[in-house]
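The values are calculated or read from the model by the stated rules, or taken from the named source; none is laboratory data. Everything quoted here is computed from the prediction, not taken from an experiment. Neighbour counts run over all protein chains shown; Cβ positions are idealised from the backbone, glycine included.
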Amino acid sequence: MGENYVNLHLKSSHKNKETMSQKSTTPKTAIITGANSGIGKETARHLIQHGYHIIMVCRNPQKAEAARAELEHEISNSPMKDSGSVQGKANETDEVSASKSRLEVEICDLSDMSSIRELATRLRTRLTAVDRLINNAGILSPAQRELTREGFEKTFATNHLAYFLLTRELLSLLQAAPEARIVNVASDAHRYGRFDPNNLQLERGYSTSKAYGNSKLFNIMFTHELAKQLSGSNITTYSLHPGVVNTNFAAGNNSLFGKLFNLGRFFMLTPEKGARTTNYLATEPNIEHWNGRYFSNEKLSKATPIATNDDACKTLWKQSEDFLLT
């Protein structure tokens, strides 16, 4: 698979150029993982205001529906920025109906690769194109190393393999959009991450902080290699540091890293502020020349050298594929 997989799909995407102009008149679609809270919910709120149809990918059905209801209530009480929005509807019933058409929930356990594949199958069956993929959801694992049912270290699976697999599975939909973007939420925590191709899942020397730092490094490496493989296509991709944001990210985490995170909540950014760089990368026009780059505070930032090392990024890509084929 690897480069051949991506290029195979890119060849087919050029056949869709004639239909792209027709699709550009329809509402844009954005898929956001972890959209029921924190940065993900703020990104959903922002993209709704820009006229997007939002698919909220969440693990917990109750929390997802509560977030959707909250956002729908906001839509029904606020005018939209986009001409295709609910603004101008004749009555409140029409407004609520329009808001529901703009917000959908898809349930998926992003630590489970089979769940991701099932999600992608459902989406490919009913969607014609995806304009924005926001890989946002992430976890902070407990103090003890934990494996998923498929045998992956849980942080590695949720924070890296999920980004990799969901992106790969949705490539055909992204290629059907006039201009698509993949935004990967990483972190400056990548600066204490390490790339050891013989210990990607920390079978040796595990700690919560190492697992998290490594996974955020892998997000940036994935973005760098993905941009190279998609060069010249209709898709661009970006990674970012959102800042240290006051969310429920580390709620109940008993590791030292989790406890320190929770102690510092008072000094952290609000989710609205933490989502600004994600929102910038999702909606700012004319940023294609920054394809594959890392951002912080809505501007370019310099990642660690290993994060953009071509050989290392290719190795991570190949090993990620190998994990998913086993």
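Can you find, within the stretch 124-151, the residue that is surrounded by the fewest Cβ atoms within 10 Å (Cβ to Cβ) among those that are over 19 Å from the mean Cα position of the chain (by Cα) and at pLDDT below 95?
Among residues in the stretch 124-151 that are over 19 Å from the mean Cα position of the chain (by Cα) and at pLDDT below 95, the one surrounded by the fewest Cβ atoms within 10 Å (Cβ to Cβ) is Gln144.
Restricting to the stretch 265-286, count the residues that are within 18 Å of the chain's Cα centre (by Cα), modelled with pLDDT of 80 or more and either farther than 15 Å from His241 by Cβ or in a helix (DSSP H, G or I) (or both).
Number satisfying all stated conditions: 12.
Phe249: more than 18 Å from the chain's Cα centre (by Cα), of a type outside the set (A, V, I, L, M) and modelled with pLDDT under 95, yes or no?
Taking the combined requirement at face value, the residue does not satisfy it.
Any chance you could count how many residues in the stretch 104-131 are among the hydroxyl-bearing types (Ser, Thr, Tyr) and under 24 Å from Asn234 (Cα atoms)?
Step one: list which residues in the stretch 104-131 are among the hydroxyl-bearing types (Ser, Thr, Tyr), which gives 111, 114-115, 121, 125, 128.
Remaining after also requiring under 24 Å from Asn234 (Cα atoms): 121, 125, 128.
The total comes to 3.
Condition (residue is at pLDDT 95 or above, surrounded by fewer than 20 Cβ atoms within 10 Å (Cβ to Cβ) and closer than 26 Å to Pro178 by Cβ) applied to the stretch 300-317: is it met by at least one residue?
Yes.
Mind counting the residues in the stretch 108-129 that are closer than 16 Å to Ala162 by Cβ and β-branched (Val, Ile, Thr)?
Final tally of qualifying residues: 2.
Go through Tyr163, Tyr238, Tyr206 for me and flag whichever is among the aromatic types (Phe, Trp, Tyr), part of a loop (DSSP other than H, G, I, E, B) and in contact with a strand residue (DSSP E or B) (Cβ under 9 Å, 6 or more places away or on another chain).
Tyr206
Just to verify a result, which residue in the stretch 171-200, among those that are polar (S, T, N, Q) and within 21 Å of the chain's Cα centre (by Cα), is nearest to Arg117 (Cα to Cα)? Even if it seems obvious, please write down each step before you answer.
Within the stretch 171-200, the first condition is being polar (S, T, N, Q), and the residues that meet it are 172, 175, 184, 187, 198-199.
Then drop every residue that is not within 21 Å of the chain's Cα centre (by Cα), which leaves 172, 175, 184, 187.
Working: Ser172: 14, Gln175: 18, Asn184: 19, Ser187: 26 Å.
Looking at the filtered set, the residue picked out is Ser172.
Does Thr19 qualify as being of a type in the set (Val, Ile, Thr) and at pLDDT 95 or above?
no
Out of everything in the stretch 287-326 that is of a type in the set (Val, Ile, Thr) and over 21 Å from Ile235 (Cα atoms), what residue ends up being farthest from the chain's Cα centre (by Cα)?
Once the filter is applied, the top-ranked residue is Thr326.
All but one of (1) at pLDDT below 70; (2) of a type in the set (Val, Ile, Thr); (3) in a helix (DSSP H, G or I) hold for Val86, so report the exception by its number.
Condition (3) is where Val86 drops out.
Could you check how many residues of the stretch 166-197 are assigned to a loop (DSSP other than H, G, I, E, B) and among the charged types (D, E, K, R)?
Qualifying residue count for the region: 3.
Considering only the stretch 165-187, state which residues are farther than 12 Å from Leu133 by Cα and surrounded by 23 or more Cβ atoms within 10 Å (Cβ to Cβ).
Answer for the stretch 165-187, where residues must be farther than 12 Å from Leu133 by Cα and surrounded by 23 or more Cβ atoms within 10 Å (Cβ to Cβ): Ala186, Ser187.
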